[in-house]
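All remarks here apply to the structure that follows.
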Amino acid sequence: MRSLPLLIRTAGWLLLFSGVLRLAGAALRGFGGSGGGLGLAAAGLFFLALGLGLRRGGRRLAYLAFLAAGFAPAFAIGGLYAAAALPLAWSLLVIAADAAAAVALFIALWRAPRAGAGAGA
């Protein structure tokens, strides 16, 4: 069994961290009313699943994770202007984790293959 590139595993950890932050933020906001806690909880579960999938060896999943991590900071920045926004430092941690995961996945997925690596590697 071949190991995943370090950058993909790192992105998996970053997405796990982002998912945990989102779930904790949903608990802070509350799940009722217009606080947006349910949407944040759903996003948290989605990012937890992506992070676990990347940690288990899903290179194909890395392409989906790249798209999700690439668009997530835009939604998090939009959430800064919501009436029931999370604290600024909390939101900035989520944005930084998503952006770092997107950069790591971009580098890992579009890096030139190593010399001597087969087509399936």
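Key figures
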{"item": "Residues satisfying the stated conditions in the stretch 80-109, i.e. farther than 23 Å from Leu61 by Cβ and either of a type in the set (A, V, I, L, M) or at pLDDT 95 or above (or both)", "result": "Leu80, Ala82, Ala83, Ala84, Ala85, Leu86, Leu88, Ala89, Leu92, Leu93"}
{"item": "Selection within the stretch 46-63 - surrounded by 14 or more Cβ atoms within 10 Å (Cβ to Cβ) and at pLDDT 80 or above", "result": "Phe46, Phe47, Leu48, Ala49, Leu50, Gly51, Leu52, Gly53, Leu54, Arg55, Leu61, Ala62"}
{"item": "Of all residues in the stretch 79-98 being closer than 19 Å to Leu23 by Cβ and among the small types (Gly, Ala, Ser), the one that is surrounded by the most Cβ atoms within 10 Å (Cβ to Cβ)", "result": "Ala97"}
{"item": "Test for Phe75: is it surrounded by fewer than 19 Cβ atoms within 10 Å (Cβ to Cβ) and aromatic (Phe, Trp, Tyr)", "result": "yes"}
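The values are calculated or read from the model by the stated rules, or taken from the named source; none is laboratory data. No experiment lies behind these values; they were computed from the predicted model shown. Don't worry about glycine lacking a Cβ; one is built from the backbone with ideal geometry, like all the others, and counts go over all protein chains shown.
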